[in-house]
Amino acid sequence: MSAQVTEITPTQGQSTKAGNFRRRLPGSLAWHIGSLAILAVILYPVVWVIGGSFKKSEDIVGSLDLFPGSPIISNYTGLTEGIADISISTFFLNSLFLAVGSVIGIVISCSLTAYAFAKIKFAGRNLMFTLMIGTLLLPYHVLLIPQYVLFRNMNMINTYTPLLLGKYLAIEAFFVFLMVQFMRNLPKELDEAARLDGCGHLRIYWSIVLPLCRPALITSAIFTFINSWNDFMGPLIYLNEPDKYTVSLGLKMFVDQEGLANYGGMIAMSLVALLPVLAFFMAFQRYLIDGMATSGLKG
């Protein structure tokens, strides 16, 4: 018996592909339209803020137009004049000081603590690690009053010490946990080889563990920088003098004593305040992705 072979001509193949394309077209079209609609909703506030920075304050409140009819740049040029005789650069320098100081504190203290939990065996290690993770369940507002009373009794109000001290004491359990998970995945053979060469814990931590944990360290640094730069509650509670204000507190100074707000200048300063955060994130986003992708893997 001779097998019959059905030969599909190019015309038949093209008609089959065309039919499949027509069947998938409605679903694909609906998916793309839905995606564009969601994108428009997400980007609308961003576009509105950018457009509002070129409007007068009365136009921002009294008009629903997305873009200004008569754009102005005085909202940006006015930032050079400062607020209440305080230069805008003062707010940025204060925020930068706190952000950089917080990053240094978190990277040093949390990495040392994580090394102890991940690499050193001592009595009560698991219990202490569990208690540390449990602190993540405590709301910030529960600790707010006791901490304020403590720092007031120590005469540290209206200084940057309350905003930085905790960063050097490894109180951020999330970053400690992140680094512990990363360090546990490192090969134990590296530690054993270093000990055979006479290295102690500090030398192993500095020369071996830290270089290999760079993605986790940079991930912690990025989140710390962003959180410190955007922090409003902490500076509001502990800082009293305007010349020590951060950018987040400087924004509220656009509202005068009568409750009248310079919305145009406030929006313009908000956009300018985003630039350092965006620059910091864009510079280290590759390490952020690497750190988040590998922190949960088993070696």
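The numbers here are math on the coordinates, done by the rules we state, and not lab data. Everything quoted here is computed from the prediction, not taken from an experiment. Backbone-built Cβ (ideal geometry, glycine too); neighbour counts: all protein chains shown.
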Efficiency of FRET from Cβ geometry, Tyr44 and Ser70, R₀ 25 Å, rounded to 0.05: 0.70
Phi-based couplings in Hz for the range 240-252 (Karplus 6.51, -1.76, 1.60; Gly and Pro marked x): 10, 8, x, 6, 9, 5, 8, 4, 4, 6, x, 5, 6
Sites Ser89 and Ile237 - FRET efficiency at Förster radius 22 Å, r taken between beta-carbons, to 0.05: 0.35
Helical segments meeting 15 Å axial Cα length and Kyte-Doolittle 1.0 threshold in the chain (DSSP H): 88-119, 173-184, 263-294
Residues in the range 181-218 that a label on Arg125 would reach, taking backbone N under 12 Å of a point 7 Å out along Cα→Cβ: 184
Over the range 96-210: Rg over Rh, Cα atoms, Kirkwood Rh: 1.05
The range 124-163 shape via C-alpha gyration tensor axes, a/c threshold 1.5: prolate
Packing-based order for 33-45, 82-94, 264-276, using average beta carbon neighbours within 10 Å, highest first: 264-276, 82-94, 33-45
Span per principal axis, largest first, for the Cα atoms of the range 83-294 (Å): 70, 40, 28
Per-peptide average of other Cβ atoms within 10 Å, ordering 224-236, 144-156, 112-124 highest first: 224-236, 112-124, 144-156
Shape category assigned to the range 20-109 from the gyration tensor of Cα positions, a/c cut at 1.5: oblate
q = 0.26 Å⁻¹: log10 I(q)/I(0) that the Debye formula gives for the range 25-72, counting C-alpha atoms only: -0.87
Length added when fully stretched, Met282-His32, from 0.36 nm per residue minus Cα-Cα: 87.2 nm
Per DSSP, loop trypsin sites (Lys or Arg not before Pro) in the range 158-214 with at most 16 further Cβ within 10 Å: none
